[in-house]
1. As an exercise: evaluate Glu40 against (1) open to solvent by 40 Å² or more (accessible area, probe 1.4 Å); (2) at pLDDT 90 or above; (3) part of a strand (DSSP E or B) and give the number of the one condition it does not meet.
2. Scanning for something within 21 Å of Gly72 (Cα to Cα) and either surrounded by 14 or more Cβ atoms within 10 Å (Cβ to Cβ) or modelled with pLDDT of 90 or more (or both), does segment 106-119 turn up at least one residue?
3. Give just the number: which of (1) out of contact with any helix residue (DSSP H, G or I) (no Cβ under 6 Å at 6 or more places or on another chain); (2) in a strand (DSSP E or B) does Thr165 not satisfy?
4. Taking into account only those residues within segment 49-77 that are open to solvent by 70 Å² or more (accessible area, probe 1.4 Å) and among the β-branched types (Val, Ile, Thr), which is farthest from the chain's Cα centre (by Cα)?
5. Residue check, Glu60 against (1) over 26 Å from Lys157 (Cα atoms); (2) in a strand (DSSP E or B), all met but one. Which one?
6. When Glu141 is evaluated against the numbered criteria (1) outside any helix (DSSP H, G or I); (2) at pLDDT 90 or above; (3) over 13 Å from Val75 (Cβ atoms); (4) of a type outside the set (Ser, Thr, Tyr), which criterion, by number, is the only one it fails?
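The values are calculated or read from the model by the stated rules, or taken from the named source; none is laboratory data. None of the values given here were measured: they were computed from a predicted structure. Methodologically, a virtual Cβ is constructed for each residue, glycine included, from the backbone with ideal geometry; neighbour enumeration extends over all protein chains shown. Ligands, DNA and RNA are stripped out before the accessible areas are found, and what is left, the full protein with its side chains, is counted by its heavy atoms. Shrake-Rupley method; radii C 1.70, N 1.55, O 1.52, S 1.80 Å.
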Amino acid sequence: MKKLIFAILSIAILLPTASMDAKSKLEKAREKALKERTKELKKGGWEPVGTKTLELCLEEHFAKLNDLGEDGHEVVGISNKSKSKNVGVQTALNNAVITYAQEAGSTLKGRVISDINSNGVDPAGEFENFYAAYERLVEKEIKGELRPSFTILKTNKDGTVEVRTFFIVEEGQARLARQRALENAMKESELAAKHADQLSDFVRRGFEE
């Protein structure tokens with residue numbers, strides 16, 4: 001019995017140490033990733049928009065994603081050749097919305113093909129219209145859920161500017177936005193409405209798989 005108690009106590013003592021070691025390794029990995037990403041962007045000629053340094057922008061961005069955990073989703077808006085910073089920032093936002101909607105649409109399409117079509121349903125034409133409607137409506141719904149984290153830019157040789165804006169989406173809220181888009185898209189597709197429960201489940205799971 002004494003040996004058993006000693007073994008239990010030993011494990012209890014070692015567990016906090018093991019947990020601290022794992023946390024320390026994770027922190028070091030994050031610091032390394034932050035340094036490498038900062039170095040990469042600086043080498044590429046990117047500068048932050050605003051008064052914060054590039055290091056601080058990235059550090060805060062990673063911290064936000066870390067705090068959100070699995071609920072955090074990064075989306076990057078891109079503008080390659082804009083005549084001004086303001087135009088580039090707006091274009092980056094628009095492209096981020098489109099990127100998110102296309103990703104959501106592709107995810108849904110993949111699940112429809114693998115799950116619904118495998119049951120003998122082949123709704124190719126009708127569902128293609130549904131996918132297009134869903135992506136269009138996701139664009140409309142998700143715009144308010146994109147939280148800008150930071151923006152970087154660099155000037156091209158021809159005087160135009162390239163812009164990258166990093167956004168963070170909270171999946172809990174984004175899921176509701178996708179659900180609203182789904183409900184409206186199904187109103188435009190009778191065939192999709194027949195599979196409402198299954199489609200709703202796909203949208204609810206979002207980018208989990």
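1. The failed condition is (3).
2. Of segment 106-119, the ones within 21 Å of Gly72 (Cα to Cα) are 106-108.
Add one more test, that the residue is either surrounded by 14 or more Cβ atoms within 10 Å (Cβ to Cβ) or modelled with pLDDT of 90 or more (or both), and what stays is 107-108.
Checked segment 106-119: at least one residue is within 21 Å of Gly72 (Cα to Cα) and either surrounded by 14 or more Cβ atoms within 10 Å (Cβ to Cβ) or modelled with pLDDT of 90 or more (or both).
3. (1)
4. Thr51
5. It fails just one condition, (2).
6. Unmet for Glu141, out of (1) outside any helix (DSSP H, G or I); (2) at pLDDT 90 or above; (3) over 13 Å from Val75 (Cβ atoms); (4) of a type outside the set (Ser, Thr, Tyr): (1).
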